[in-house]
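Heads up: the structure comes next, in C-alpha cells.
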Amino acid sequence: MIAIYPGSFDPITNGHLDIIKRASKVVDNLVVAVLCNGSKRPLFSTEERVEMIKAACHPFENVDVQAFSGLLVDFAKQTSAKVIIRGLRATADFENEFKMAITNKALSDNIETLFLPTSLQYSYISSSMVKEVASLGGDVSFMVPNVVEKKILQKIASI
Ligand code: COA
C-alpha cells in the first residue's frame with residue numbers, strides 16, 4: 001500500500017515526524033508530499049522544506065519526500081497512492097480535516113483519507129508556533145528535529 005502524507009511543513013515539527021514514523025509502520029511506502037503553491041506565505045522555500053524533511057526522515061527506509069503543486073488527488077494518482085494520511089490534533093483540526101477529506105473523496109472516489117491521532121506530547125505544536133517562539137529567541141529544540149532547529153536559527157539570523 002502506498003500512502004501520501006501531505007502538508008505545508010513550514011517547517012516540519014516533531015508532531016509531523018511522529019505521524020510519519022507511525023504511518024510508515026502501517027503502509028508499504030509513504031510519500032511525504034510538500035505543498036509548493038499553497039495560500040500560506042512560507043518562511044522556507046520548497047527546496048529547504050524538502051531537504052529538512054529528507055534529513056529528518058533519514059531513519060525511515062520506506063519514506064520518500066516529494067514536492068507537489070495542484071490538486072492533492074492528482075498528485076496521489078501520479079504516485080499511485082490510494083491513501084491520504086492526516087494527523088488530527090484534538091478537536092480543533094477536525095472540522096477542516098473533515099471538509100478536506102470529503103472534498104478529496106468527491107474529487108476522486110478511489111482515494112481514502114486515514115486520520116492518525118497526534119500523540120499527546122505534540123498535540124499543542126504547530127509550525128507557526130515554532131516560528132514565533134524561534135523569532136522571539138525562545139528554545140524550540142523540543143518541538144522540532146535538530147536539523148530544523150539549526151536551519152530556523154540561521155534563517156532568522158539572515159532576515
Ligand atoms: N503535529 C503538529 N502539528 C501539526 C500536525 C501534527 N501532527 N499536523 C498538522 N500540524 C500543524 C502544522 O504545523 C500546521 O501549522 P500552521 O498552520 O501553524 O502552519 C497546521 O497544522 C496545518 O498544516 P499541515 O498539516 O502542513 O497542512 P496544511 O493545512 O498546511 O496543508 C494540504 C494542507 C496541503 C493537505 C492541503 O492544503 C492540500 O491538499 N492542498 C492541495 C490543493 C487541494 O487539493 N485542494 C483541495 C482539497 S482540500
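The values are calculated or read from the model by the stated rules, or taken from the named source; none is laboratory data. Just so you know, these numbers come straight off a predicted model, no measurement behind them. Please note: Cβ atoms are built from the backbone with ideal geometry, for glycine as well, and neighbour counts cover all protein chains shown. The area values use the complete protein model at the heavy-atom level, side chains included, leaving out ligands, DNA and RNA. Shrake-Rupley method; radii C 1.70, N 1.55, O 1.52, S 1.80 Å.
Brief remarks follow.
- Per-peptide average of other Cβ atoms within 10 Å, ordering 147-153, 99-105 highest first: 147-153, 99-105
- Against the chain, whose longest principal axis comes from its Cα atoms, helix 94-107 is set at around 40 degrees.
- In straight-distance terms, cross-link reach from LYS99 covers every one of the lysines whose alpha-carbon lies under 27 Å from its own, apart from those fewer than eight places away in the same chain; here that gives LYS21, LYS25, LYS40, LYS77, LYS82, LYS131.
- Charges were assigned to the Cβ only: +1 to each Lys and Arg, -1 to each Asp and Glu. The resulting dipole of the chain about its Cα centre is roughly 80 debye.
- Rounded to the nearest 20 debye, dipole of the range 101-159 from Cβ charges on Lys, Arg, Asp, Glu: 220 debye
- Relative contact order, percent, the range 27-159 [alpha-carbon distance under 8 Å, six or more residues apart]: 20 percent
- Expressed as a whole percent, the accessible surface of the range 30-150 that belongs to carbon and sulfur atoms is 54, based on a 1.4 Å probe.
- Order by protection proxy (mean Cβ within 10 Å, highest first), peptides 89-97, 18-26: 18-26, 89-97
- For the range 54-68, backbone phi angles converted through the Karplus equation (6.51, -1.76, 1.60; θ = phi - 60°) give residue-by-residue couplings of 4, 5, 5, 9, 3, x, 9, 5, 9, 10, 10, 10, 9, 8, 9 Hz, Gly and Pro being listed as x.
- Förster radius 35 Å - calculated FRET efficiency between THR91 and ALA157 (Cβ-Cβ, nearest 0.05): 0.40
- Take 4-16, 113-125 and order them by the average number of nearby Cβ atoms within 10 Å per residue, most first; the result is 4-16, 113-125.
- Residues in the range 1-75 average 47 Å² of solvent-accessible surface per residue, probe 1.4 Å, ligands and nucleic acids excluded.
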